[in-house]
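The values are calculated or read from the model by the stated rules, or taken from the named source; none is laboratory data. None of the values given here were measured: they were computed from a predicted structure. Here the Cβ is made from the backbone with ideal geometry for all residues, glycine too, and neighbour counts use every protein chain on show. Areas reflect the complete protein model, heavy atoms only, side chains present, ligands, DNA and RNA absent. Shrake-Rupley method; radii C 1.70, N 1.55, O 1.52, S 1.80 Å.
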Amino acid sequence: MPAVSPFEQFQKLNVQLVGLEDYMRHLLELHNDDIIQEAGGYLHSARFLHAAFFYLFSEFGDADSEDLRDNSLQSAAAAMQMFYIRNEMMRKHQAGPDSIKLNFMVEYFSDLIDVEFRKCSADDDDLQGKIDAVQEITTNQLLADEQMVKPAEDVGEYIKRIEARSAVMFEFACRFGAQATHANDVLVDSAGQIGRTIGLAYQIKSEIFDLIGINTTEDQFGPLQMLQSGEFTLPTIFAVAKAGPDFMNNIAEAGRAGDEQLIETAEYIIDNGVDAAQVMVKEYRDQAVFDIDMLPNIQAKSDLKKLVDMLL
């Protein structure tokens, strides 16, 4: 039995996301056996978080404008969501036969993204602007991934890393949604800023869940994938501030030092880093809600606040 989508409580949005899933699967034109697991897991409307923000911010423009060609909004949403999926696959490190399939899917999605961008672009300059933005975001994401495993003690440096790694994708989705329906420049800029703030909070929240899991008891942990990868997340940076610079070695070695050392390191980070990280999540969440309150009073504004509350 398929899991219930978290978007079912948003009537119009859920219809849009389900339609987007059908549209994207039609675009792929691949047999299910040819869609590798890394891609297939993302092709469910229940996971279209970035597309959800895209559609909600598109409501602040003129979705009924005669300038919008038939289905151009759906093409824009498809390009944006496939861009996210493509980059998630691109950032996975695999070797052997699986890497060949992964690289094929990355190239296949890249071609589809270009096609959908062409469908929703007003002219060649508009198309090139979208392509340039995608290339810049992708380059910065790959560089930020490399930076995450480098020792860090400064919160400001950490924020720069996650801005480029994950917050930028939320910023792009929100800004692109507003642009797609010709919202005014002030609203487009606001959409981008709100997306960035939500993206920062979401990344930190993900790092906390990596340590403590979701709805777990006190003697259980999350997947600890980030910790085992040696990533310097916000909770680890707060823990380093408490323990001293030598603790950075514990983080770097967490995935190679055995289960006992991994659990000990995780427990220390949870006890000394999670609460402070939770405070920053709340600060970013409150800022996002404050900025959303400044938007025009339409249903999408209420839905945005509801989605942020659900997410953060």
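When all protein chains stay in place and ligands, DNA and RNA are ignored, the 1.4 Å accessible-area order of 302, 5, largest first, is 302, 5.
Legend: residue pairs 119/301; 92/301; 119/150; 92/205; 12/92; 160/301, Cα-Cα distance threshold 30 Å; pairs beyond threshold, 92/301; 119/150; 12/92.
The accessible-area ordering, largest first, of the residues 80, 280 stands as 280, 80, per a 1.4 angstrom probe. Taking a point 7 Å out from the Cα of residue 140 in the direction of its Cβ, the residues of segment 181-205 whose backbone N falls within less than 11 Å of it are 196. Applying a length cut-off of 15 Å (Cα extent along the axis) and a mean Kyte-Doolittle floor of 0.0 to the DSSP H helices of the chain leaves 72-90, 168-180, 185-212.
When only the Cβ of Lys, Arg, Asp and Glu is charged (+1, +1, -1, -1), the dipole of segment 209-312 relative to its Cα centre reaches about 500 debye. Taking a Cβ cut-off of under 15 Å around residue 18, the surrounding Lys, Arg, Asp and Glu residues balance to a net charge of 0, with basic ones at +1 and acidic ones at -1.
The packing ranking, built from the mean of other Cβ atoms within 10 Å per residue, places the peptides 150-163, 180-193 in the order 180-193, 150-163, highest first. Sorted largest first by accessible area at a 1.4 angstrom probe radius, with every protein chain in place, the residues 211, 311 fall in the order 311, 211. Expressed as a whole percent, the accessible surface of the chain that belongs to carbon and sulfur atoms is 48, based on a 1.4 Å probe. Tell me the accessible surface of residue 8 in square angstrom (1.4 angstrom probe, heavy atoms of protein chains only), to the nearest ten. Rounded to the nearest 10, the figure is 110 Å². Exposure check, 1.4 Å probe, all protein chains in place: residue 209 carries approximately 70 Å² of accessible surface. Taking each DSSP H run with n ≥ 4 as -39500 (n - 2.57) and averaging over every residue of the chain yields -22500 deg cm²/dmol at 222 nm. Relative contact order, whole percent, for the chain stands at 18, derived from Cα pairs under 8 Å and 6 or more residues apart.
By a 1.4 Å probe calculation restricted to protein chains, residue 139 has an accessible surface near 80 Å², given to the nearest 10. In the context of the full set of protein chains, residues of the chain present 50 Å² of accessible surface per residue (probe radius 1.4 Å, heavy atoms only).
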